[in-house]
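Accompanying notes for the structure given below.
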Amino acid sequence: MDRAQLADFLRTRREALQPEDVGLPRGHRRRTGGLRREEVAALSGMSTDYYTRIEQQRGPQPSEQMLAAIARGLHLSLDDRDHLFRIGGHAVPRRLIRDDHLSPGMLRVVDRLQDTPAMVVNRYGETILQTPPAVALLGDESRFTGLNRSTVYRWFADPSSRDRYVAEDHPLHTRVFTAQLRMRYATDPGGRAGEIVRALLAISPEFAEVWADHEVGLSHVDRKRIVVPDLGVLELWCQNLFDPEQEQTLVVFTAAPGSPSYEKLQLLAAVA
């Protein structure tokens, strides 16, 4: 770990960012450019004291998880993230397709959607990031670990994961999830997709039955019916923005203006 290089690198990247770059208001009392330390700490999900000690060359060596959080908070590119890990005294994360690193461009888009349900998922259906309204709409899907990170795995392994969707739509979701997993399995049988398939075949007779049908080419409909506690059913339109380099998808939920679902979505965003 190179404390001096780490501190200097974080300071320069922090000062190069403006509040509007990360979705924060500038305010009238800000006299200098760049982000404040407490803002970077909040964006990275850590205490201001912890982050400050790193910039002041004090405190313990940051863990890989902390460095990854800082990289996201500072909207670092992959090259910058790799450099951060090196001077932080850790091996550079492998650049797998399922890498959870979000590009600065994707982060800027998400930052401007803080009043809208939006989420970023990778090609295995694992949620990487959600806006607050998306958490209110679907629950915190980024908290899961292991195989439970996969939406497809939870759909078959945990019956409660279906509670957010209207029961009449469950059969279609089941077929679509399975067909999409098969597409990934065809190109990744020995990797993450194969791991999910083998685990589900071992625990879910329902999955095994649908898997045996060999359906391909199915996709979710644009209109989804989502059940939200205290609000009931929301009919929402789902739009996808695909990042081919990272193989990540930004999913945005909207409602038809003037509809009951639009009013409920406005209320949900206000509460979030």
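Exactly one of (1) farther than 26 Å from residue 239 by Cα; (2) of a type outside the set (D, E, K, R); (3) touching a residue at least 40 places away in the same chain (Cβ under 8 Å) is unmet by residue 212. Its number?
(3) is the only condition that residue 212 fails.
(1) within 30 Å of residue 268 (Cα to Cα); (2) in contact with a helix residue (DSSP H, G or I) (Cβ under 7 Å, 6 or more places away or on another chain): which one isn't true of residue 167, the others all being true?
Of everything listed in (1) within 30 Å of residue 268 (Cα to Cα); (2) in contact with a helix residue (DSSP H, G or I) (Cβ under 7 Å, 6 or more places away or on another chain), residue 167 misses just condition (2).
Inside region 222-272, can you point out the residues that are within 24 Å of residue 106 (Cα to Cα) and among the aliphatic types (A, V, I, L, M)?
Residues satisfying the conditions are 236, 241, 250, 251, 252, 255, 265, 268, 269, 270, 272.
Residues that are polar (S, T, N, Q), at pLDDT below 95 and in a helix (DSSP H, G or I): does region 154-171 have at least one?
The answer is yes; a qualifying residue exists.
Return the residue satisfying two criteria in turn: it lies in region 178-202 and is touching a helix residue (DSSP H, G or I) at 6+ places or on another chain (Cβ under 6 Å), among the hydrophobic types (A, V, I, L, M, F, W, C) and touching a residue at least 12 places away in the same chain (Cβ under 8 Å), and of such residues it is surrounded by the fewest Cβ atoms within 10 Å (Cβ to Cβ).
The selected residue is 199.
Matching residues to (1) outside the structural domain of residue 219 (by TED's automatic domain parsing); (2) closer than 15 Å to residue 148 by Cα; (3) not aliphatic (A, V, I, L, M):
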position	(1), (2), (3)
168	no, no, yes
179	no, no, no
190	no, no, yes
197	no, yes, no
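Cβ-Cβ below 9 Å, separation at least six or inter-chain, first residue in region 156-177 and aromatic (Phe, Trp, Tyr), second surrounded by 14 or more Cβ atoms within 10 Å (Cβ to Cβ) and assigned to a strand (DSSP E or B): which pairs?
Here the result reads 165/224; 165/225; 165/226; 165/227, each pair linking region 156-177 to a residue that is surrounded by 14 or more Cβ atoms within 10 Å (Cβ to Cβ) and assigned to a strand (DSSP E or B).
Can you find a residue in region 1-21 that is surrounded by 13 or more Cβ atoms within 10 Å (Cβ to Cβ), within 19 Å of the chain's Cα centre (by Cα), assigned to a helix (DSSP H, G or I) and not assigned by TED's automatic domain parsing to the domain that holds residue 115?
For region 1-21, residues surrounded by 13 or more Cβ atoms within 10 Å (Cβ to Cβ), within 19 Å of the chain's Cα centre (by Cα), assigned to a helix (DSSP H, G or I) and not assigned by TED's automatic domain parsing to the domain that holds residue 115: present.
Evaluate region 206-223: report whether one residue or more is out of contact with any helix residue (DSSP H, G or I) (no Cβ under 7 Å at 6 or more places or on another chain), under 18 Å from residue 161 (Cα atoms) and of a type in the set (Lys, Arg).
no
Report whether or not residue 24 is assigned to a helix (DSSP H, G or I), within 23 Å of the chain's Cα centre (by Cα), under 19 Å from residue 105 (Cβ atoms) and of a type outside the set (Phe, Trp, Tyr).
no
Pairs under 6 Å by beta carbon, first residue in contact (Cβ under 8 Å) with a residue 40 or more places away in the chain in region 224-237, partner among the basic types (Lys, Arg) and part of a strand (DSSP E or B), six or more apart or different chains?
233/225; 236/224
Would you confirm, using the coordinates I've provided, whether residue 253 is touching a helix residue (DSSP H, G or I) at 6+ places or on another chain (Cβ under 7 Å), closer than 28 Å to residue 103 by Cα and among the aromatic types (Phe, Trp, Tyr)?
On the way: touching a helix residue (DSSP H, G or I) at 6+ places or on another chain (Cβ under 7 Å): yes; closer than 28 Å to residue 103 by Cα: yes; among the aromatic types (Phe, Trp, Tyr): yes.
Yes; evaluated as a whole, the condition is true for this residue.
Could you check residue 215 against (1) surrounded by 17 or more Cβ atoms within 10 Å (Cβ to Cβ); (2) at pLDDT below 95 and say which number it fails?
Condition not satisfied by residue 215: (1).
Output the residues belonging to region 136-153 that are part of a helix (DSSP H, G or I) and touching an Asp or Glu at 6+ places or on another chain (Cβ under 8 Å). It would help to see each step written out before you state the result.
Here is the first cut: in region 136-153, the ones part of a helix (DSSP H, G or I) are 136-138, 146-149, 151-153.
The answer is 147, 148, 149, 151.
Looking only at residues in region 37-64 that are among the charged types (D, E, K, R) and under 22 Å from the mean Cα position of the chain (by Cα), which one is surrounded by the fewest Cβ atoms within 10 Å (Cβ to Cβ)?
Our first condition is that a residue be among the charged types (D, E, K, R); within region 37-64, this holds for 37-39, 49, 53, 55, 58, 64.
Keeping just the survivors that are under 22 Å from the mean Cα position of the chain (by Cα) gives 39, 64.
Numbers: 39: 18, 64: 13.
Of everything passing the filter in region 37-64, 64 is surrounded by the fewest Cβ atoms within 10 Å (Cβ to Cβ).
Just to confirm my filter: which helices (runs of 4 or more DSSP H) fall fully inside region 60-120 and include at least 1 residues that are in the same structural domain as residue 266 (by TED's automatic domain parsing) and either modelled with pLDDT under 90 or of a type in the set (Gly, Ala, Ser) (or both)?
104-111
The values are calculated or read from the model by the stated rules, or taken from the named source; none is laboratory data. No experiment lies behind these values; they were computed from the predicted model shown. For neighbour counting, all protein chains shown are included, and Cβ atoms are generated from backbone atoms with ideal geometry for every residue, glycine included.
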